[in-house]
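Read-outs throughout are calculated quantities, based only on the coordinates presented, and are distinct from any laboratory measurement. Treat the numbers as computed from the prediction; the structure is a model and nothing was measured. Virtual Cβ from ideal backbone geometry, glycine too; neighbours counted across all protein chains shown.
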Amino acid sequence: MTVSDSNSLFEDLLVSANRLSFDPRNPAVYEVDLDNEGSYGMSPEWSPLFGTRTWASMSDAERSELTRSEVAQYLGVGIWLELGLQVALLRRNHSADPSRADVRFLLNECADENLHSLMFVNAISSIGARFYRRDRSFGVFGWLFRTFAWSEVAYGIILAGEEMFDVMQRDWMASEDVAAPIRRTSYIHVVEESRHMPFARRNIRDCLAGASALRRSFSSLIIAIGTHIIAKGLINRRVYEDLGFDWDVVKREIDGNEHHRMMFRKAAEPFIEFLSKEGLLTGGARWIYRKSNLL
Ligand SMILES: [Fe+2]
Ligand SMILES: [Fe+2]
């Protein structure tokens, strides 16, 4: 792949962004559907508890409340990624020539990500949910990521999050039984992220062109660790404890829930396929993706 091939992709992505982008500050995006007040926060199949004994014992109203809290957790991780990627990528491009096609696209991407984060905050508040404090290890990893992640690792971890949210949000935006603000914001996110993913994929390929086998294998390991932390971060004990569940029971059920593992594998499938094509699915990385239920 030559520099001019990459530049022409970045120019195309910019043209596409000019043609179809959203301003999610419009209050209509967050309007709740009053005829559908018991709707879910996300398609119930994405709840880690779906199909368990606890799930079977819950009323529709309880499932609605649970999935609304769970989507707040998922989107909270999404916001954390959107903010982290900006810090990581902007500091690496602070002195770059701003007229370069990749830098211009990065500026466009950061504008998107800021509005996505704001959009998710508004959507969560409009469905009456709230964000939960995350484990301290998440904060430590965030600092390492923002400070030290080098090019293909930064883009790799960003792509992991983007690909997994893409699969989940395609379901959420199309599910009639999901709360309207989540459906609308998922649609906006899917459209705009469809440009971010080719940007990340191309950057990873460019960074690794001619890289040594050692660097490739080390980077693949760090990307896998980052992806593991994201996947694990989607499940937060505070969500369940706040709703009155016994965490030990919930944890046991989630760990033993084959449906949940299948959904996580489905979310990761396009990302894993990309890694495999690019030679980033090394033995060590595979082991980690299996531990994360992503492979
Ligand atoms: Fe985003
Ligand atoms: Fe993105």
Checklist outcome for this item: Long-range amide H partners of residue 178, meaning residues 5 or more apart or on another chain whose placed amide H is closer than 5 Å, are 40
Next on the checklist: Ranking request for peptides 71-78, 119-126: highest mean number of other beta-carbon atoms within 10 Å first, then the rest in descending order.
Outcome noted: 71-78, 119-126
Checklist entry - Tell me, what ³J(HN,Hα) does each residue in the range 32-44 have, in order and in whole Hz, if you take phi through Karplus 6.51 cos²θ - 1.76 cosθ + 1.60 with θ = phi - 60° and put x for Gly and Pro? => result 8, 8, 5, 6, 10, 5, x, 5, 7, x, 8, 3, x
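Can you order the peptides 148-158, 186-196, 21-31 by their average number of other Cβ atoms within 10 Å per residue, highest first?
Numbers: 148-158: 22.3, 186-196: 20.7, 21-31: 14.2.
The peptides rank, most packed first, as 148-158, 186-196, 21-31.
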Next on the checklist: Within the chain, count lysine pairs with alpha carbon atoms under 20 angstrom apart where the residues are 8 or more positions apart or belong to different chains.
Outcome noted: 6
Next on the checklist: Just to check I understand the Karplus step: with θ = phi - 60° and J = 6.51 cos²θ - 1.76 cosθ + 1.60, what whole-Hz values come out for the range 10-20, glycine and proline as x?
Outcome noted: 5, 5, 4, 5, 5, 4, 4, 5, 5, 6, 9
Item to check | In Hz, Karplus ³J(HN,Hα) per residue of the range 53-60 (6.51, -1.76, 1.60; θ = phi - 60°; x = Gly, Pro) | outcome: 5, 4, 4, 5, 7, 8, 7, 4
